[in-house]
1. Inside the range 1-42, can you point out the residues that are under 21 Å from ALA290 (Cα atoms) and of a type in the set (Gly, Ala, Ser)?
2. Quick check on my filter: what residues within the range 310-328 are buried (at least 16 other Cβ atoms within 10 Å of the Cβ) and under 21 Å from ILE8 (Cα atoms)?
3. Those residues that are not polar (S, T, N, Q) and not in a helix (DSSP H, G or I), I need them from the range 225-247; list them, please.
4. Hey, any hits in the range 65-83 for a residue that's free of Cβ contacts under 8 Å to residues at least 12 places away in the same chain and over 22 Å from THR109 (Cβ atoms)?
5. So if I check each of VAL399, VAL387, VAL369, which one is within 15 Å of LEU179 (Cβ to Cβ), touching a Leu at 6+ places or on another chain (Cβ under 8 Å) and crowded, with 22+ Cβ neighbours inside 10 Å?
6. Which one is surrounded by the most Cβ atoms within 10 Å (Cβ to Cβ) among residues in the range 164-182 that are of a type in the set (Ser, Thr, Tyr) and assigned to a loop (DSSP other than H, G, I, E, B)?
7. Among the residues of the range 253-267 satisfying the criterion of being part of a loop (DSSP other than H, G, I, E, B) and either loosely packed, with under 12 Cβ neighbours inside 10 Å or of a type outside the set (A, V, I, L, M) (or both), which is modelled with the highest pLDDT?
8. Taking the range 60-97 only, how many residues are assigned to a loop (DSSP other than H, G, I, E, B), in contact with a helix residue (DSSP H, G or I) (Cβ under 7 Å, 6 or more places away or on another chain) and within 24 Å of LEU222 (Cα to Cα)?
Amino acid sequence: MGIELIAILLLFVVFFTLLLLGIPIAISIGLATLTALCLALEPLTAFTTVAQRLASGLDSFALLAIPFFILSGELMNKGRVSEKLVDLAAALFSWSKTGLAFVNILSCTLFGAISGSAVAATSAIGGLLTPKMRQEGYAPSHMAAINLSSSSIGLIIPPSNIFIVYALASNGLASVKDLFLAGYIPGILMCIALMIVAHFTVQKNHIQTSRFNIQKLTKAFLTALPALSLLVVVVGGIIFGFFTATEGSVIAVLYAFALAFLGGVRTPGVYKEVILSAAKTSAMVLFLVANSMILSWFFAYCHFPDYFAGLLNAFADSPMACFLIINLILLLIGTFMDMTPAVLIFTPLFLPYAINLGIDPVHFGVVMVLNLCIGLCTPPIGTLLYVGSEIACVEVKKVIPALLPYLLTMVLILVLVSTFPKITLWLPSLF
């Protein structure tokens, strides 16, 4: 066994040991990579390489989009956007006995896309709708299952920070514009599929309905239109080439600030809290990006993608079987690792092999994000599972049975998107 392979094994042993000890994932990545590098290189060279890669890993204009989109999401949270989206969805589905479930799913989808945060969507929409759903007799476990499963959809529909991270990790093989376009149809399919599941699984014994009111819908739409326009202005500008993703993120901040200010948020202290919160989140994400860039370089230096390809070829004899194995691995990764580090760590490992299989980098990016979105909802680490359960005031073990139909539906959409690349690539091909 060569020294490079031994170094890779050492890296994974140290990494998972540090995670089990409760060390933050960004620090675990950096220390594990440094340890492995000290085995593969001279110690002084290893430390120098780590320092250089930490700096060069953040030397990217595209990365500026992440803190600005995070800031725009924080401003949207303060601008009562969630309430306006809930009112719009409620007016749209007032006629249905499953109306509140539909409202939850659509609101989480839209708010997740606008804010760029699945956790924010779970908290904001769940906090607004949980009391109403409880009054109408929804079981707490079903409330949590509907809320948390639909919150991840917003990560697929642009503007999506995770697609920007993937574009960076792909070394330019997938553009942000194409990834944004590719996410629309899978996200819409996921939203519709979850609504269908909710229609057949939610009990409708005591739920009240009202007649569809076009005037109420029109008023709610006009109220929510400024928030919805953010998606059109920012994403449309990026797609049609009026500005880059980074420039679009700055426009998103200015737009979100205007909405918050006109919506009554005029206390300087509130904006101070928003900026500090966005700065903390951005610092954590960018520090993680910097450490992951070291890891990506180390994988390439040790030819780990080649080792991985040889191992995978030993277990599968067709491209589709190999792609299925990659999907299963990503699903497993998503159950214990957060989305951003997973994309940064495993894109350099899986993407070269996927390209050799004839898989388009944009298609692979959407499939990867779909896998990891499902992981956000599943035990043992699924962030949304615990946030959604906390909001609905129900134990996690009681939520899981109610969540299973939604998880199976998400997996079904994943299989559909994986099998038919046109679902993701049709829109990018038009532009």
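The values are calculated or read from the model by the stated rules, or taken from the named source; none is laboratory data. Worth saying up front: this structure is predicted, and the values here are computed from it rather than measured. Cβ sites come from the backbone with ideal geometry, for glycine too, and all protein chains shown count toward neighbours.
1. ALA7, GLY22, ALA26, SER28, GLY30, ALA32, ALA36, ALA40
2. Matches in the range 310-328: LEU312, ILE326.
3. Start the filter on the range 225-247 by keeping residues that are not polar (S, T, N, Q), which leaves 225-228, 230-243, 245, 247.
Answer for the range 225-247, where residues must be not polar (S, T, N, Q) and not in a helix (DSSP H, G or I): PHE240, GLY241, PHE242, PHE243.
4. Initial filter on the range 65-83 (free of Cβ contacts under 8 Å to residues at least 12 places away in the same chain): none.
The answer is no; no qualifying residue exists.
5. Details: VAL399 fails: within 15 Å of LEU179 (Cβ to Cβ); VAL387 fails: within 15 Å of LEU179 (Cβ to Cβ).
Matching residue, one of VAL399, VAL387, VAL369: VAL369.
6. In the first step, residues of the range 164-182 are kept if they are of a type in the set (Ser, Thr, Tyr); the result is 166, 170, 175.
Adding the requirement that they be assigned to a loop (DSSP other than H, G, I, E, B) leaves 170, 175.
Details: SER170: 21, SER175: 18.
This residue is SER170.
7. Pass one, the range 253-267, residues part of a loop (DSSP other than H, G, I, E, B): 263-267.
This time we only want the ones that are either loosely packed, with under 12 Cβ neighbours inside 10 Å or of a type outside the set (A, V, I, L, M) (or both), so: 263-264, 266-267.
On the way: GLY263: 76, GLY264: 76, ARG266: 77, THR267: 83.
Looking at the filtered set, the residue picked out is THR267.
8. Let us first name the residues in the range 60-97 that are assigned to a loop (DSSP other than H, G, I, E, B), namely 60, 79-80, 93-97.
Next, from what is left, pick out any that are in contact with a helix residue (DSSP H, G or I) (Cβ under 7 Å, 6 or more places away or on another chain): 60, 79, 93, 96.
Still in the list and also within 24 Å of LEU222 (Cα to Cα): 79, 93, 96.
The total comes to 3.
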